[in-house]
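Undergrad: Below you will find the structure I want to go over with you.
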Amino acid sequence: MAAGEELTLSSHIQHHLTNAKMCTVDGSVAFNKACSEAGFWTWHVDTLAWSIGLGILFLWIFRSVANKATVGVPGKLQCFVEMVVEFVAANVKDTYHGRSKLIAPLALTIFVWVFLMNLMDLVPVDFLPAFAGFVGETAFGMDSHDVYMKIVPTTDINMTAALAIGVFILMIGYSIRIKGVLGFIKELTLHPFSTKNIPLQILLIPFNLLLELIALVAKPFSLALRLFGNLYAGEMIFILIGAIGLAQLPLHFVWAVFHILVIVLQAFVFMMLTIVYLSMASSDNH
């Protein structure tokens, strides 16, 4: 929002849903509105900073607990970490039917990391953006309305898409590793319609390939859009509640209590779908 422009509900929502951007324009570094013409290579620095920071926090907490673990009476944090690890391990054991030492650590990382990123949704929507605006105004002479700070990484489609693409690459890798390149190609071209009549099977290959590719590509799309849509909608409601002033507190509390379920559930769903997709990729039933 430009300086002197009247603050409206629409501009308030737009400001809170805009990422802090960094790009290169004409060989020099530019930020935010100057990046509107930068195209694809625009970095959402708030998404990157918060997601990397929360990932480091996850690694530090779990490493600290592992280094201080005791066989005696464990502390509360150790009990909590052990419960999370056992919960994830049980789900991996029940869902993944192949053999891989990567799946359990991957599932644990996805669950905790996505949970921590979702958890940022419970921070009051005006607190950190207002602080960022204050720092930008006092330290750098910027208009506070031109300083953006979006603290929930999973409300950025770029973040959820990056996670989904990572899972998609693992799916392709596991399929080729278990079935081989030829087996992977056969899976895409000889199913779901199959026959012992070779000429007819050749005619069915384009239809099989189309259906299998749609099913394959739909998986990362569903992962990315489901997580993004649920967290984006939740953040939007928090912003709308925050726009009503001090009266927001009771409504904010009620929605936050309900949203805790969404935060945990979406992390769990993303983890479980990842395990299911990798289990399907690792199966060699055909």
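Undergrad: Any residue in the range 95-106 that is within 30 Å of S282 (Cβ to Cβ), in contact with a helix residue (DSSP H, G or I) (Cβ under 9 Å, 6 or more places away or on another chain) and of a type in the set (K, R)?
TA: Yes, the conditions are met somewhere in the range 95-106.
Undergrad: Count, please, the residues in the range 138-153 that happen to be farther than 13 Å from T18 by Cα and either hydroxyl-bearing (S, T, Y) or crowded, with 22+ Cβ neighbours inside 10 Å (or both). Give the steps one after another, and end with the answer.
TA: Pass one, the range 138-153, residues farther than 13 Å from T18 by Cα: 138-144.
When the remaining residues are screened for being either hydroxyl-bearing (S, T, Y) or crowded, with 22+ Cβ neighbours inside 10 Å (or both), the result is 138, 144.
Residues meeting the conditions: 2.
Undergrad: Which one of T18, T24 is surrounded by 14 or more Cβ atoms within 10 Å (Cβ to Cβ) and either of a type in the set (S, T, Y) or under 17 Å from D126 (Cβ atoms) (or both)?
TA: Values: T24 fails: surrounded by 14 or more Cβ atoms within 10 Å (Cβ to Cβ).
Every option except T18 fails the conditions.
Undergrad: Of all residues in the range 158-205, which are under 30 Å from H15 (Cβ atoms) and touching a Leu at 6+ places or on another chain (Cβ under 8 Å)? Before you say what the answer is, go through the steps one by one.
TA: So in the range 158-205, the residues under 30 Å from H15 (Cβ atoms) come out as 158-165.
Residues satisfying the conditions are T160, L163, A164.
Undergrad: In a helix (DSSP H, G or I), at pLDDT 80 or above, crowded, with 17+ Cβ neighbours inside 10 Å and among the small types (G, A, S): which single residue out of S51, S10 fits that description? Steps first, answer last, please.
TA: Values: S10 fails: crowded, with 17+ Cβ neighbours inside 10 Å.
Criteria check complete, one pass: S51.
Undergrad: If we keep just the residues of the range 174-207 that are buried (at least 16 other Cβ atoms within 10 Å of the Cβ) and not hydroxyl-bearing (S, T, Y), which is nearest to L278 (Cα to Cα)?
TA: Going through the range 174-207, the residues buried (at least 16 other Cβ atoms within 10 Å of the Cβ) turn out to be 174-175, 178-179, 184, 187-190, 204.
Subsequent filtering for residues that are not hydroxyl-bearing (S, T, Y) retains 178-179, 184, 187-188, 190, 204.
Numbers: I178: 11, K179: 13, F184: 14, E187: 15, L188: 16, L190: 20, L204: 27 Å.
If we take residues in the range 174-207 being buried (at least 16 other Cβ atoms within 10 Å of the Cβ) and not hydroxyl-bearing (S, T, Y), then I178 is nearest to L278 (Cα to Cα).
Undergrad: Out of V88, V84, V65, I need the residue that is without any contact (Cβ under 8 Å) to a residue 40 or more places away in the chain, under 24 Å from L231 (Cα atoms) and in contact with a Leu (Cβ under 8 Å, 6 or more places away or on another chain). Which one? Can you show your working first?
TA: Working: V88 fails: without any contact (Cβ under 8 Å) to a residue 40 or more places away in the chain; V65 fails: under 24 Å from L231 (Cα atoms).
Within the list V88, V84, V65, the selection yields V84.
The values are calculated or read from the model by the stated rules, or taken from the named source; none is laboratory data. Model, not experiment: these values are computed from the prediction. Note that we place each Cβ from the backbone using ideal geometry, even for glycine, and neighbour counts take in every protein chain shown.
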